[in-house]
Amino acid sequence: MTDATEAAAAEGSPDAVSVESNAGSSHEAAPDARRRGLFVTLEGGDGSGKSTQAALLEEWLVSSGNTVVRTREPGGTEFGLEVREIVLHSRGFITPRAEALLYAADRAQHIATKVRPALERGDIVIQDRYIDSSVAYQGSGRVLGPAEIRSLSEWATEDLVPDLTVLIDLDESAARARLDGDQKRFDRLEAEKDDFHKRVRQSFLTIAAADPDRFIVVDGTAQPAEIAAQVRARLEPLLRRD
Ligand SMILES: Nc1ncnc2c1ncn2[C@@H]1O[C@H](COP(=O)(O)OP(=O)(O)O)[C@@H](O)[C@H]1O
Ligand SMILES: [Mg+2]
């Protein structure tokens with residue numbers, strides 16, 4: 001997983017949060033009334049290829065004239081970067097409920113100040129990880145239940161649902177081999193045992209199977225260009241919807 005400085009650079013101005021800090025209040029009455037853009041999320045284990053696909057998708061969308069906001073959770077805002085540092089790199093023990101609340105706090109700030117305003121402008125938001133990651137990691141990987149984790153995040157985001165979620169499915173040992181190859185600093189979740197990542201992978205697949213209208217599941221072992229083509233094919237009708 002990328003570190004905090006890389007995230008700040010990828011998001012452009014780190015001061016964007018303060019500029020947008022009042023944006024959350026405008027949609028309390030009717031959460032999606034002013035929503036016009038498209039919200040695309042990428043899910044899957046670390047090393048599955050989310051960043052690679054986010055970049056390819058952004059490139060294609062921008063070259064066809066769209067305005068794209070590329071972001072991620074945790075750490076899509078300045079506030080979120082601080083939360084990200086705690087949840088991913090804190091040395092002390094964090095209880096599962098505290099961990100779940102930290103992710104939800106990051107998400108609440110991110111959706112209200114960055115993602116909703118972008119969607120209201122009509123932009124396309126490409127987001128690395130969202131609620132499904134919390135459900136898979138905190139809900140199934142850990143001891144908390146998937147339903148309560150999802151409802152916590154739905155409360156945090158005032159029920160913002162992606163238009164499309166790309167699940168990149170990859171065997172945990174293949175993902176681990178890629179991460180080892182990249183020689184990155186392992187965070188708290190990456191350092192978990194294979195059994196944990198196996199449960200997470202299964203949970204992602206279960207979530208996707210229950211919501212086929214929102215999901216496209218792609219084989220993470222395919223070539224990046226092949227995966228990108230599948231994603232584009234699925235997204236195209238959504239781009240033409242109005
Ligand atoms: N489809 C693919 N096939 C083989 N290697 C890939 C593929 N997609 C990404 N990779 C490589 O795997 C590693 C992890 O990819 P990355 O996009 O950073 O994953 P994530 O963001 O999900 O952690 C990188 O070294 C990347 O170049
Ligand atoms: Mg990544």
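Throughout, read-outs are computed from the coordinates displayed, never taken from laboratory work. All values derive from a computational prediction rather than experimental measurement. Every residue, glycine among them, receives a Cβ derived from its backbone with ideal geometry; neighbour counts consider all protein chains shown.
Odds and ends about this structure:
- Built amide H within the under 5 Å cut-off of LEU167, gap 5+: GLU43, ILE216, VAL217, VAL218
- Descending semi-axes in Å of segment 77-167, equivalent ellipsoid built from Cα gyration tensor: 23, 16, 11
- Computed over segment 30-183: relative contact order in percent, which uses C-alpha pairs under 8 Å that are six or more apart: 42 percent
- Estimated FRET transfer efficiency when R0 is 30 angstrom, pair ASP180-SER63 (beta carbons, to 0.05): 0.35
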